[in-house]
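Quick notes on the structure that follows.
The values are calculated or read from the model by the stated rules, or taken from the named source; none is laboratory data. Worth saying up front: this structure is predicted, and the values here are computed from it rather than measured. Here Cβ is always computed from backbone atoms with ideal geometry, including for glycine, and neighbour counts include all displayed protein chains. Protein only, heavy atoms only, side chains kept; ligands, DNA and RNA dropped before computing areas. Shrake-Rupley method; radii C 1.70, N 1.55, O 1.52, S 1.80 Å.
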Amino acid sequence: MENKLDLNRLCVHTQTTKPWDLETCIKEYSKAGIQHLSIWRHLLENQNLKEVRRTLQDHQLSVTSLVRGGFFTAVSQSDRKAAIEVNKKAIDEAEAIGAPLIVLVCGADPNQSLETSRAQIADGIHELLPYAKAANVKLAIEPLHPMYAADKSAVVSLAQANDIAEQLNHPFVGIAIDVYHLWWDNQLEQEIERCGKNNSIFAFHVCDWLSPTTDMLNDRGLMGEGTIPVKQIRNWVEQAGFQGPIEVEIFSERLWKKNQTAFLNEIKEAYIQHT
Ligand code: ZN
């Protein structure tokens with residue numbers, strides 16, 4: 001018999017079970033005793049958001065975050081303006097389904113410096129803040145692993161994310177700490193402490209780093225399969241004051257090939273044993 005209490009804080013990202021559509025995710029997570037999920041935006045296309053919200057409530061599932069906004073960077077000003085509009089739409093969607101938070105993959109443009117990109121990221125978030133606050137949707141900067149610095153995120157360490165959050169200094173801006181992106185950092189413990197002191201730990205994502213990693217995007221591991229000290233990092237995050245859902249976010253061609261119901265059971269097991 002599994003202990004249901006142990007699963008109280010488990011959250012699964014819909015992208016973790018990518019072969020499933022939103023309706024299947026909701027039904028299967030609920031059946032598995034999972035109480036939290038983070039929804040990837042593409043699953044909301046052509047959906048009646050009011051109905052989605054009702055279905056979530058019917059299954060006693062709460063949305064931890066909508067994934068994802070961001071991509072604020074571009075050489076061209078009109079592209080940067082367009083990005084703001086896309087983010088406003090994401091905020092509308094989050095509000096409609098009852099998601100209190102949007103995770104931001106902040107962006108990078110290979111045709112400009114990382115410093116320029118980081119300044120554009122701070123400007124973009126700053127511009128969005130009144131809109132986010134009006135919708136009561138918070139924004140979480142997610143620093144990515146440095147392997148994505150060229151084109152996905154100029155924010156590649158928790159220190160950089162803390163710098164931006166401190167600069168913006170607004171209760172609606174915080175940080176999503178993802179072990180996959182940050183585990184290698186020898187300043188991680190101190191930066192988590194700093195983030196906690198600022199009340200900026202908005203989300204915590206887990207998975208594992210496989211060695212060797214055969215794909216930069218879609219070869220993440222289940223907790224316990226790789227090299228990340230997940231329990232240690234969770235401990236730091238909790239010592240810094242975080243008590244929110246623990247979000248399992250795994251992109252893996254290998255794991256997506258499995259029977260996803262069986263995979264969901266492995267996730268629960270790995271969450272209890274290795275997280
Ligand atoms: Zn993440």
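Quick rundown of the values:
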| quantity | calculated |
| --- | --- |
| The range 23-53: number of residues that are free of Cβ contacts under 8 Å to residues at least 24 places away in the same chain and under 19 Å from residue 205 (Cβ atoms) | 2 |
| Qualifying residues in the range 127-136 (those that are farther than 19 Å from residue 76 by Cβ and in a helix (DSSP H, G or I)) - the one nearest to the ligand (Cβ to nearest atom) | 132 |
| Qualifying positions in the range 222-231 - within 19 Å of the chain's Cα centre (by Cα) and either without any contact (Cβ under 8 Å) to a residue 12 or more places away in the chain or within 16 Å of the ligand (Cβ to nearest atom) (or both) | 222, 223, 228, 230 |
| Selection count, the range 110-122, where residues are loosely packed, with under 15 Cβ neighbours inside 10 Å and not in a loop (DSSP other than H, G, I, E, B) | 1 |
| First in the range 198-221 and open to solvent by 60 Å² or more (accessible area, probe 1.4 Å), second anywhere and within 16 Å of the ligand (Cβ to nearest atom) and of a type in the set (S, T, N, Q), Cβ under 9 Å, 6 or more apart | 215/252 |
| Pair list, Cβ < 7 Å and 6+ apart or interchain, from the range 65-76 residues that are over 16 Å from residue 94 (Cβ atoms) to residues that are among the acidic types (Asp, Glu) | 73/109; 74/109; 75/109 |
| Residue in the range 142-164 that is most open to solvent (accessible area, probe 1.4 Å), counting only those that are within 16 Å of the ligand (Cβ to nearest atom) and under 22 Å from residue 91 (Cα atoms) | 152 |
| Hey, residue 139 closer than 28 Å to residue 113 by Cβ, within 15 Å of the ligand (Cβ to nearest atom) and in contact with a Gly (Cβ under 8 Å, 6 or more places away or on another chain) or not | yes |
| The range 56-109 - residue that is in a loop (DSSP other than H, G, I, E, B) and over 15 Å from residue 153 (Cα atoms) and, of those, most open to solvent (accessible area, probe 1.4 Å) | 60 |
| Selection from the range 223-238 of residues that are over 11 Å from residue 179 (Cβ atoms) and in contact with a His (Cβ under 6 Å, 6 or more places away or on another chain) | 224 |
| Inter-residue pairs, beta-carbon under 9 Å, first open to solvent by 10 Å² or more (accessible area, probe 1.4 Å) and in the range 7-22, second within 16 Å of the ligand (Cβ to nearest atom) and among the charged types (D, E, K, R), 6+ apart | 15/249 |
| Failed criterion for residue 244 (all others in (1) in a loop (DSSP other than H, G, I, E, B); (2) away from the ligand (no atom under 15 Å from the Cβ) hold) | (2) |
